[in-house]
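J.: This is the structure I want to talk about, given as structure tokens.
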Amino acid sequence: MLKGRCACGTVSYTLSAKPMAVHCCHCTDCQRLSGAAYAINAIIETDHVTIDGPTSETTLPTPSGNGQVITSCAHCGTALCSNYLVRQGKLRHFRVGTLTTPEACPPTVQIFTSAKQPWVPLNTDIPAFENFYNVKETWPPEAYARWTALFGDG
């Protein structure tokens with residue numbers, strides 16, 4: 001079980017399972033939204049998430065055209081997670097920096113490295129992809145089994 005909160009502590013959340021994967025995303029959208037060179041997001045099924053406290057939601061466009069809903073603290077505005085609408089609300093991408101123990105969720109994959117800042121080195125111990133990747137070929141079997149439970153094999 002993992003716990004996290006917003007900057008002011010008004011909103012807290014619990015993840016009742018280990019994340020399926022943790023993305024270190026270098027896309028320009030993540031750079032803009034995080035205000036940093038990349039974002040670290042823990043991917044977990046919505047059914048394993050409990051959020052307590054007042055939140056607000058903002059819908060933003062994505063390159064896929066499906067958009068994403070960002071859930072933030074209604075008081076301080078800390079972005080806690082994203083719901084990429086292409087995944088029909090079945091997954092949440094939690095900002096690892098909002099976890100009480102962010103060290104518990106190191107990146108398992110580096111994505112959209114084609115857009116990374118030239119001064120950011122990639123960790124050669126973590127798989128890296130210029131864009132996205134094939135989940136079936138990249139995730140461990142237990143994580144992929146959870147994926148297929150949500151979306152089928154493909």
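We did not get these values from a lab; they are worked out from the coordinates using the rules stated. The structure displayed is predicted, hence computed values, not measured ones. Note: ideal-geometry Cβ built from the backbone for every residue, glycine included; neighbour counts use all protein chains shown.
J.: Evaluate the relative contact order of region 1-78 (contact order divided by residue number), counting alpha-carbon pairs under 8 angstrom at least 6 apart; express in whole percent.
T.: Relative contact order comes out at 30 percent.
J.: Report the residue, chosen from Cys27, Cys76, Cys105, that carries the largest GNM mean-square fluctuation when the chain is represented by alpha-carbon nodes joined by springs under 10 Å.
T.: Cys76
J.: Using r as the Cβ-Cβ distance of Glu103 and Phe132, and R0 as 30 Å, what FRET efficiency do you calculate, to the nearest 0.05?
T.: Here the calculated transfer efficiency is 0.70.
J.: Then there's this: Fully extended, how many nm does the chain gain between Ala37 and Ser114 (0.36 nm per residue separation, minus their Cα-Cα distance)?
T.: Taking 0.36 nm per residue and subtracting the Cα distance, the gain is 26.5 nm.
J.: In the Gaussian network model of the chain, springs joining C-alpha atoms below 10 Å, which of Thr62, Thr98, Thr28 carries the largest mean-square fluctuation?
T.: Thr62
J.: How much of the DSSP bridge set in the chain is antiparallel, in percent, rounded to the nearest 5?
T.: For the chain, the DSSP antiparallel bridge percentage is about 90.
J.: Where the centroid of each part is defined by its Cα atoms, how far is region 91-151 from region 30-70 in Å?
T.: Between the Cα centre of region 91-151 and that of region 30-70, the gap is 14 Å.
J.: Which residue, Ile40, Ile126, Ile70, tops the fluctuation ranking in a GNM of the chain built on C-alpha contacts under 10 Å?
T.: Evaluated over the chain, the most mobile residue of the options is Ile126.
J.: Continuing with this model, one more query. Please list the radius of gyration and Dmax for the chain, considering alpha-carbon atoms only, with Å as the unit.
T.: For the chain, the Cα radius of gyration and maximum Cα-Cα distance read 14.9, 41 Å.
J.: Continuing with the same structure: Across region 25-36, in residue order, what do the Karplus-derived ³J(HN,Hα) couplings come to in whole Hz, using 6.51 cos²θ - 1.76 cosθ + 1.60 with θ = phi - 60° and x for Gly and Pro?
T.: 9, 9, 5, 5, 5, 5, 4, 5, 5, 8, x, 10
J.: Using only DSSP helix segments of four residues or longer, with each worth -39500 (n - 2.57), what per-residue ellipticity at 222 nm results for the chain after dividing by its residue count and rounding to 500?
T.: -3500 deg cm²/dmol
J.: Could you tally the net charge around His75, taking each other residue with its Cβ under 15 Å from the Cβ of His75, Lys/Arg +1 and Asp/Glu -1?
T.: Local charge sum for His75: -1.
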